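*Asks:* Shown below is the structure under consideration.
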Amino acid sequence: MFTPEKRERVRAELLESAAQDARITGAAITGSAAAGREDRWSDVDLAFAVHDAAAVPAVLADWTTVLYSRYGAVYHADITAGAWIYRAFLLPDTLQVDLAFVPAAEFRPLAPSFRLVFGTAGEAHPPAPAAPAGLIGLAWLYAVHARSSIARHKFWQAEYMIGGIRNHGLALACLRHDLPTVHGRGIDQLPPGVVTPWEDSLVRQLDGAELFRAFRAALAALLDEIRQSDAQAAKRLEEPFRRLVESSFETAA
């Protein structure tokens, strides 16, 4: 297991290397360290501005070589968002190092957790928050497929779909409480009374009766949450949700 001292050393060395790389014109600490929320389990999160957009692939390749050769990275994964490329590295001691690269013209804070180390950054441009309608739509889609999975005795798929109902319903609650909605980041900050109704939606074992019980609990919690965000949508969904529960009961055995 990595130590906080090791994490700080890796971060400092990477920032020093960035300052010496003529292709990189700006660097920032992002994530929990930038927001003053770093703890024992936090990652290294850095963002870099690349002067020439055409050079981004070469810069990414060179820095990947450094992470493998100098720090012994064992794997990496990429996420892209617009002009940003995020490459996450896993080190043998389980330290995660997330490096983001973007053309200098697009280098700007995308969230409050952005602390400039050197160079200049454009005006903050946080992404638009999730819309209730989108989360509601995805939740009922998961609900329809949970019903069919239970009916087909595809119990692993049913468990997955019930989890999707719960995840999107809790994201809707996070949105209502002005908390982060992605990757469950805001759920543990929700008031207990908001989270408690969802506990019954947890699947305890893979059989039809248990999946039906969890499915019914998930739909009840979801409908209550929708009422808080969009009363008209909740009214329209009440009857379809009732029918989903009834038809699931008929096929759960």
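Since every read-out is calculated from the coordinates, none of them should be taken as a lab result. For clarity, every value in this text was computed on a predicted model and none was experimentally measured. Here the Cβ is made from the backbone with ideal geometry for all residues, glycine too, and neighbour counts use every protein chain on show.
*Asks:* Taking N as the number of residues in the range 137-253, what is its Cα Rg relative to 2.2 N^0.38 Å?
*Replies:* 1.01
*Asks:* Oh, and also: How do I162, I136 rank when sorted from fewest to most other Cβ atoms within 10 Å of their own Cβ?
*Replies:* I136, I162
*Asks:* Something else now. Taking every alpha carbon pair in the chain, what does the distance histogram look like in 5 angstrom bins from 0, in percent?
*Replies:* Distribution as computed: 1, 6, 12, 14, 12, 11, 10, 10, 10, 8, 5, 2, 0, 0 percent.
*Asks:* Return a whole-number percent for the relative contact order of the range 132-252, with Cα pairs under 8 Å and 6 or more residues apart as the contact set.
*Replies:* Rounded, it is 30 percent for the range 132-252.
*Asks:* Of all trypsin sites (Lys or Arg not before Pro) in the range 128-181, which ones are in loop regions per DSSP and have a Cβ with at most 12 other Cβ atoms within 10 Å?
*Replies:* Hits after loop and neighbour filter: R152.
*Asks:* F215: net charge of surrounding residues, Cβ under 12 Å, Lys/Arg +1, Asp/Glu -1, itself excluded?
*Replies:* Taking every other residue near F215 into account, the sum is 0.
*Asks:* For a footprinting-style exposure proxy, rank H168, H145 by other Cβ within 10 Å, fewest first.
*Replies:* H145, H168
*Asks:* Could you work out the relative contact order of the chain? I mean the mean sequence separation of Cα pairs under 8 Å and 6+ apart, divided by the number of residues, in percent.
*Replies:* 15
*Asks:* Separate question: To the nearest 500 deg cm²/dmol, what mean residue ellipticity at 222 nm is calculated for the chain from DSSP H runs of n ≥ 4 alone, each contributing -39,500 (n - 2.57), summed and divided by the residues?
*Replies:* Calculated mean residue ellipticity at 222 nm is -16000 deg cm²/dmol.
*Asks:* Once each part is reduced to its C-alpha centroid, what is the distance from the range 38-52 to the range 170-190 in angstrom?
*Replies:* Centre-to-centre (Cα) distance: 23 Å.
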